[in-house]
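Comments concern the structure below.
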Amino acid sequence: MHKIIKKEALTPEIKLYVVDAPLIATKVRPGQFVVLRLHEQGERIPLTVADFDRDEGTITLVVAEIGKTTKEMGTLDEGDGILDVVGPLGKATHIENYGTVACVGGGIGIAPVFPIARALKAAGNRVVSIIGARCKDILILEDWMKGASSELHVTTDDGSYGIHGFVTQQMEKLIGEGYKFDFAVGIGPVPMMKAFAGVTRRHNIKSIVSLNPIMIDGTGMCGVCRVEVDGKTRFACVDGPEFDAHLVDYDLLLSRQTTYLKEEKQALERFEKCGGDCGKHE
Amino acid sequence: MSENKPGRKGSEPRQEMPRQDPMVRRTNFDEVALGYSAEQAVAEAQRCLRCKKPFCVSGCPVEIDIPGFVTAIAEGDFDGAARKLKEKNALPAVCGRVCPQEDQCEKYCVLGKKWEPLAIGRLERFAADWEAKQGRMSVPETAPPTGRKVGVVGSGPAGLTVAADLALLGHEVTIFEALHAPGGVLVYGIPEFRLPKSIVAREVEFIEKLGVKVEVDFVVGATRTIGELMNEEGYDAIFIGTGAGLPYFMNIPGENLNGVYSANEFLTRSNLMKAFRFPEYDTPVKVGKTVAVVGGGNVAMDSVRTAMRLGAENVYCVYRRSRAEMPAREEEIENALEEGMILKELHNPVRIIDDGNGWVKQIECIKMKLGEPDASGRRRPVPIEGSEFTIDVDVVVIAIGQGPNPLVPSTTEGLETNKWGNIMADAETGLTSLEGVYAGGDIVTGAATVILAMGAGRKAARAIHEYLMSKGQA
Ligand SMILES: Cc1cc2nc3c(=O)[nH]c(=O)nc-3n(C[C@H](O)[C@H](O)[C@H](O)COP(=O)(O)OP(=O)(O)OC[C@H]3O[C@@H](n4cnc5c(N)ncnc54)[C@H](O)[C@@H]3O)c2cc1C
Ligand SMILES: Cc1cc2nc3c(=O)[nH]c(=O)nc-3n(C[C@H](O)[C@H](O)[C@H](O)COP(=O)(O)OP(=O)(O)OC[C@H]3O[C@@H](n4cnc5c(N)ncnc54)[C@H](O)[C@@H]3O)c2cc1C
Ligand code: SF4
Ligand code: SF4
Ligand code: FES
């Protein structure tokens with residue numbers, strides 16, 4: 001059992017949890033994730049470790065409520081427990097001093113970008129971060145990103161805050177203004193990562209993305225997380241989740257993410273009908 | 001019985017195993033084989049000749065005293081039979097069910113020369129189940145604490161055996177398991193209808209009663225490395241029993257389409273995550289109407305039979321050699337055929353065709369014929385040119401084998417592996433290239449059997465004990 005030490009709603013549908021997980025907290029590095037299971041009937045879902053406190057033995061998770069499991073997690077309170085938390089999983093981000101780097105985060109993707117930006121800055125890089133959301137109300141972690149970056153640009157799709165447009169348009173604009181990026185990280189919804197790869201390919205910038213296929217074990221045992229990179233099948237949980245942005249087959253990733261749409265909808269409807277109590281105690 | 005003329009005894013037919021009706025059982029996840037009644041067990045046990053030189057024992061990798069436990073059953077001393085089994089085998093209820101007996105103990109039984117071999121596995125299962133039904137769990141006394149700490153990586157049959165043996169010898173043992181439940185393949189791979197999970201849970205409980213700590217959700221190589229366990233956490237020795245958990249794919253076009261599963265994923269969803277009870281359990285699984293399972297081993301049979309129970313109407317088994325070469329246990333092939341498996345022997349998939357929306361629609365196969373024997377002695381299948389044809393399917397399950405997961409070797413400096421990635425370990429002791437680090441089971445041999453993994457665990461436990469004792473008092 002892993003106790004929730006702190007819970008905070010960043011937006012009505014994105015919540016931050018500080019979870020007691022000393023074994024993981026002392027080992028985790030930027031880019032890595034955990035797999036958790038809320039209770040005995042629960043599904044195993046992967047979540048990036050957005051922050052950690054090695055002394056306190058805690059990890060921070062930032063979760064967008066999009067389906068049954070993430071919404072059910074939202075019903076937990078401080079003091080409640082999560083049955084299983086396993087990690088740290090996946091390869092950590094390779095951190096070095098590249099010079100000037102772009103850290104691009106879209107939507108919930110800002111959370112995983114944060115520890116990477118912070119580590120890149122600590123390694124001596126000039127970190128130019130570009131974060132964005134559909135609108136002002138669902139933009140998260142702006143303060144954190146400000147602290148982790150040398151320079152922060154904020155966009156909203158509808159122009160309700162910051163620069164009007166997409167993060168990738170802003171990146172393109174900065175390059176047009178003469179920014180020279182030696183390296184770039186882009187994390188967010190698949191279409192955003194695909195667009196990001198387009199920008200960095202056009203300008204010949206070495207870049208990585210963090211992929212979010214469906215996972216179960218997170219240790220290379222089941223193969224559900226397979227993605228295609230450079231024409232080869234890879235397991236995102238152990239070979240990734242980060243890969244060379246230019247070589248990923250984004251369409252396949254998008255397609256595989258939809259495998260269980262029907263069942264996910266069914267699970268969510270069932271969950272919402274019985275007010276969050278079904279499946280929990282049976 | 002001694003008045004029986006020699007040669008007469010044992011000629012009686014083997015006691016049939018009562019089983020669920022095929023058409024009923026293909027719709028439920030309850031155990032297929034129901035087990036002997038006490039009368040049947042006694043009758044079967046009385047067929048044994050109590051050979052002075054029991055060949056059956058030489059066929060058992062853990063050398064169970066077969067005439068000994070069988071005689072106890074014949075005399076109605078079921079408790080005594082269970083005790084005899086436990087002397088050599090910590091998991092008799094498991095082995096009695098899943099051992100390939102026809103290739104092991106029963107293959108060597110002298111009765112088999114003229115008549116049918118003794119049903120050793122079924123008797124083993126009977127005795128173990130009988131003990132369980134009495135609600136008793138005899139926990140042997142453990143030796144006084146030695147002060148030595150042993151870490152066991154993986155809770156499959158190899159890990160469970162090492163842990164039990166070392167705990168009995170007085171060592172402090174902790175098992176580290178990556179998944180949320182202990183048991184290895186016994187919980188995530190082999191389905192409920194062949195091995196009820198309550199049996200595995202009982203065996204794990206027994207091991208915990210011996211004082212073994214089981215840490216689930218602990219991935220060695222990620223949560224902590226072997227080096228950290230030994231140098232920072234004070235473990236004096238480590239046993240690696242991580243199994244063959246890495247699924248192989250065929251590298252044919254279409255393998256990443258939606259609806260294509262590795263057998264590991266398919267079985268894990270159903271067994272470990274209980275997808276057969278979705279939506280009560282949150283994890284879903286797809287089967288549709290028609291499923292093609294590729295492969296001919298136990299894993300393939302389990303996938304076929306799981307697909308039927310999940311509601312598939314037509315389930316094909318596509319295997320590139322002929323039925324005679326299928327590595328699955330004969331009994332399980334028969335069970336699957338009775339349940340309606342459509343066997344496509346001498347067929348090999350060449351590609352998986354999509355429906356235009358990222359989903360599987362068809363599997364294209366080529367017919368094969370058997371050519372010259374290959375290195376393994378089995379006749380090599382060769383494609384018959386121009387014989388390609390397609391089968392309409394909703395789901396494909398690839399069950400062509402598993403390899404070693406590289407997580408532990410890649411995070412343990414100096415741990416030697418062979419060219420397939422299996423850990424190199426001494427056949428007698430399990431010792432690896434690192435002092436104090438032992439390995440056994442599928443991670444060393446490649447995918448094998450439960451009983452071989454247990455045998456390896458037993459040998460390693462003996463060697464680890466000697467090693468720890470040679471280091472003097474802690
Ligand atoms: C390495 C990795 C890191 C991630 N980090 C974060 C994070 O920090 N914050 C966050 O909010 N989300 C993160 N995700 C996504 C998160 O795992 C999914 O949102 C979550 O599993 C959805 O579960 P659900 O039951 O609420 O929704 P569902 O209704 O089950 O699913 C909605 C969608 O989420 C995806 N999904 C479903 N099940 C899984 C699964 N087992 N694994 C992965 N994706 C799935 C599918 O695309 C699906 O269409 C990460 C995913 C990966 C692979
Ligand atoms: C579907 C299926 C059906 C089978 N049917 C039969 C049968 O009928 N009869 C038979 O004799 N054999 C059968 N087998 C084979 C048999 O199950 C295996 O040979 C046996 O389980 C091997 O035991 P093991 O202890 O080596 O490994 P496993 O049983 O594979 O256990 C390894 C354990 O280690 C854990 N692990 C892996 N990596 C790590 C890590 N880094 N950190 C912590 N834990 C880790 C895994 O999660 C797993 O729990 C079958 C196998 C499968 C897959
Ligand atoms: S453990 Fe397996 S091989 Fe040994 S006697 Fe029992 S069934 Fe036979
Ligand atoms: S070989 Fe057969 S008949 Fe002889 S002791 Fe063994 S089981 Fe009994
Ligand atoms: S999640 Fe199972 S192999 Fe990656």
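The values are calculated or read from the model by the stated rules, or taken from the named source; none is laboratory data. This one's a predicted model, so the numbers in the text were calculated from it and none came from an experiment. Positions of Cβ are generated from backbone atoms using ideal geometry, with glycine treated the same way; all protein chains shown enter the neighbour counts. These area figures cover heavy atoms from the full protein model, side chains too; ligands, DNA and RNA do not enter into them. Shrake-Rupley method; radii C 1.70, N 1.55, O 1.52, S 1.80 Å.
When all alpha-carbon pairs of the range A:100-257 are counted, what percent fall beyond 23 Å?
The answer is 35 percent, as a whole percent.
Averaging sequence separations of C-alpha pairs under 8 Å and six or more residues apart, then dividing by the length of chain B, give the relative contact order as a whole percent.
Computed value for chain B: 15 percent relative contact order.
As a test, work out the antiparallel percent of DSSP beta bridges whose residues both lie in the protein assembly as shown, rounded to the nearest 5.
DSSP beta bridges in the protein assembly as shown are roughly 50 percent antiparallel.
Tell me the total accessible area that A and B bury against each other, 1.4 angstrom probe, in square angstrom rounded to 100.
3600
Suppose the chain between B:K419 and B:D355 were pulled fully straight at 0.36 nm per residue; how much longer would it get relative to their current alpha carbon spacing?
The B:K419-B:D355 span can extend by a further 19.2 nm.
³J(HN,Hα) across the range B:326-335 via Karplus (A = 6.51, B = -1.76, C = 1.60, θ = phi - 60°), whole Hz, x for Gly/Pro?
4, x, 5, 4, 3, 4, 6, 5, 4, 4
What is the Cα centroid distance between the range A:192-259 and the range B:267-308, reported in whole angstrom?
Between the Cα centres of the range A:192-259 and the range B:267-308 lies a distance of 26 Å.
Considering all projection directions equally, how large on average is the shadow of the alpha-carbon convex hull of chain A, in square nanometres?
14.4
Going from most exposed to least, what order do A:M145, B:M17 have by accessible area with a 1.4 Å probe?
If we order A:M145, B:M17 from most to least accessible, we get B:M17, A:M145.
Which whole number in µm²/s is D for the protein assembly as shown by Stokes-Einstein, with the Kirkwood Rh taken over Cα pairs at 20 °C and 1.002 mPa s?
The diffusion coefficient I find is 76 µm²/s.
At a Förster radius of 60 Å, what calculated FRET efficiency corresponds to the Cβ-Cβ distance of A:A9 and B:N251, to the nearest 0.05?
Calculated transfer efficiency: 0.85.
Could you tell me the distance between the Cα centroids of the range B:92-106 and the range A:93-156, to the nearest Å?
The range B:92-106 and the range A:93-156 have Cα centres spaced 58 Å from each other.
If you wrap the range B:329-391's Cα atoms in a convex hull and average its projection over all directions, what's the area in nm²?
Orientation-averaged projected area of the Cα hull: 6.3 nm².
Would you mind getting me the FRET efficiency between B:K213 and B:M137? Use the beta-carbon distance for r and R0 = 22 Å, nearest 0.05.
0.75
Could you work out what % of the accessible surface of the range A:61-175 is carbon and sulfur, using a 1.4 angstrom probe and leaving DNA, RNA and ligands out of the count?
C and S atoms contribute 51 percent here.
Would you mind working out the accessible area per residue for the range A:1-64, using a 1.4 Å probe, and quoting it in Å²?
39
Set the Förster radius R0 to 56 Å, insert the Cβ-Cβ distance between B:F55 and A:R270 as r into 1/(1 + (r/R0)^6), and round the FRET efficiency to 0.05.
For B:F55 and A:R270, the calculated efficiency is 0.45.
Can you compute 3J(HN,Hα) from phi for each residue in the range B:85-95, using the Karplus curve 6.51 cos²θ - 1.76 cosθ + 1.60 with θ = phi - 60°, rounded to whole Hz and x for Gly and Pro?
4, 5, 4, 10, 9, 6, 10, x, 5, 6, 5
Can you give me the Cα centroid spacing of the range B:362-403 and the range B:138-178 in angstrom?
The two parts, judged by their Cα centres, are 43 Å apart.
Over all alpha-carbon pairs of the range A:2-89, lay out the pair-distance distribution in 5 Å bins, whole %, shortest bin first.
Final binned percentages: 3, 16, 28, 29, 18, 6, 0.
Tally up the carbon and sulfur contribution to the accessible surface of the range B:88-191 as a whole percent, 1.4 Å probe, everything protein left in place.
Carbon with sulfur: 55 percent of the solvent-accessible area.
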